[in-house]
1. At what distance in angstrom do the alpha carbon centres of the range 346-408 and the range 156-212 lie from each other?
2. Which residue, E348, E416, E31, tops the fluctuation ranking in a GNM of the chain built on C-alpha contacts under 10 Å?
3. Over 27 Å between Cα atoms, which of K127/K366; K80/K339; K218/K238; K80/K232; K90/K169; K80/K238 qualify?
4. How big is D, in µm² s⁻¹, for the range 1-135 by Stokes-Einstein at 20 °C and 1.002 mPa s if Rh is the Kirkwood radius over C-alpha pairs?
5. Between L38, L412, L371, where does the largest GNM mean-square fluctuation fall for the chain, given springs only between Cα atoms within less than 10 Å?
6. Which whole-number value in Å³ per residue fits the convex hull of the alpha carbons of the range 163-307?
7. Just want the ordering: H279, H99, from fewest to most Cβ atoms lying within 10 Å of their own Cβ.
8. Please give the helix 401-410 orientation as an angle from the longest Cα principal axis of the chain, in degrees from 0 to 90, rounded to the nearest 10.
Amino acid sequence: MTDFFKDIPTIPFEGPDSANEFAFRHYNPEEIVMGKSLKEHLRFSAAYWHSFAWPGGDPFGAQTFERPWFGDTMELAKVKADVAFDMFQKLGIPFFCFHDADVRPEGRDFAENTRNLEEIVDYFAEKMDETGVKLLWGTANLFSHRRFMAGAATNPDPEVFAFSAATIKTCMDATMKLGGENYVLWGGREGYETLLNTDLGRERQQAGRMLQMVVDYKHKTGFKGAILIEPKPQEPTKHQYDYDVATVYGFLKEFGLEGEVQVNIEQGHAILAGHSFEHELALARELGIFGSIDMNRNDYQSGWDTDQFPNNVPEVALAYYEVLRAGGFKTGGTNFDAKLRRQSIDPEDLILGHIGGMDTCAAGLKAAAALYESSALEKQRTARYSGWETEFGKKLMNSDLTEIESLTRKNLINPEPNSGRQERLENIVNRFV
Ligand code: XLS
Ligand code: NI
Ligand code: NI
């Protein structure tokens, strides 16, 4: 153990009545809900970038965090890894996620980047062995360095496409070496600022081809994990190509990848797209592409991806309700793509942010499970569509307009509307959250 979190104990579960700030009130990892432990349901993961790589800057000011591992050497990268694994252990977080650029110093070229990454991957492998912490997913940062300012796969310069493809390969290799359960692609700068300089059609083809190569490489190497795309509508580019779940599905269809790639859905991105989190989750489930979630919360006024730790149980409960309806996570999990506010500069803040997030998710999941097990919503939903289970309803789907016209005349069809019962259903939900 390093001494970064030296006065902070391993966080115990003490139950809802505890006033101990450094204890869980709702997250008891061993508690069984719907036949599975909370640990297995939630599959918590910490994001390396926010907690260990982000310096606390904003457009008006630079670094606010002073961390002993900040700096561009392999030695410091290892100090950072030591502190990261300390945090995972103190919190009992079973998984983590990282980008290449979060964990290794930036090299002079591709070869040095790869050497640095490989060295840190070996270091991670030892730490994972010692602690039992696992990798939920790996990914490549193809958006921070200036070479990616006009995109990675969608860059007008084929050399950037090549650099990006090569980097993705090394990051998939790193993920596989560490037994990662998924590989994520978030199209950081895959979009555009102005149509005046953009060949939108060509850029989409490039993005599709890159994704096909990723899927080919998965099959070639026998990687068992899932390939996940993370949709986001804007930020950093004005128009991101992977706008939302529906857009990603259309894109996957176009490139013949709908059976190969799933989505990693982030709460804050759903909000930016003008959707609710649960809408995105439900749609992904119905399209058969639900994979994993990036859990955070957005400020509803800011218009930015504020990546705050979740703290709204009713909101989170509706999201986990859709996850439960999808049958729960398979390879996916709950990754906290969440960061501290830039004034929260103490080591304690990092731990407390995660405690709050984990407790909020645990309370939300338990509420969702109770609601689900009560069937209170599902009974009403089934009743609302029951007409479709009658002979008449079934027949309609296999008829044509002419047949339906004569049926409508013959049966004197004259429908009366029914209440949608929204308030009644909201009251039911409120009994559980
Ligand atoms: C940014 C994204 C990013 C991805 C991983 O908004 O959420 O953090 O999760 O590249
Ligand atoms: Ni994310
Ligand atoms: Ni995000």
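Read the figures in this text as sums done on the coordinates, not as results from a lab. Nothing here was measured: the structure is a model prediction, and the numbers come from that model. We place every Cβ from the backbone using ideal geometry, glycine too, and count neighbours over all the protein chains shown.
1. 34 Å
2. Between E348, E416, E31, it is E416 that shows the largest mean-square fluctuation.
3. On the way: K127/K366 32 Å; K80/K339 16 Å; K218/K238 31 Å; K80/K232 29 Å; K90/K169 33 Å; K80/K238 33 Å.
Violating the 27 Å limit, Cα to Cα: K127/K366; K218/K238; K80/K232; K90/K169; K80/K238.
4. Details: Rh = 16.7 Å.
The diffusion coefficient I find is 129 µm²/s.
5. So, out of L38, L412, L371, the one fluctuating most is L412.
6. Working: hull volume 16.3 nm³, N = 145.
Considering the Cα atoms of the range 163-307, their hull volume per residue is 112 Å³.
7. Working: H279 19, H99 22.
With the fewest neighbours first, H279, H99 line up as H279, H99.
8. Computed tilt is about 40 degrees.
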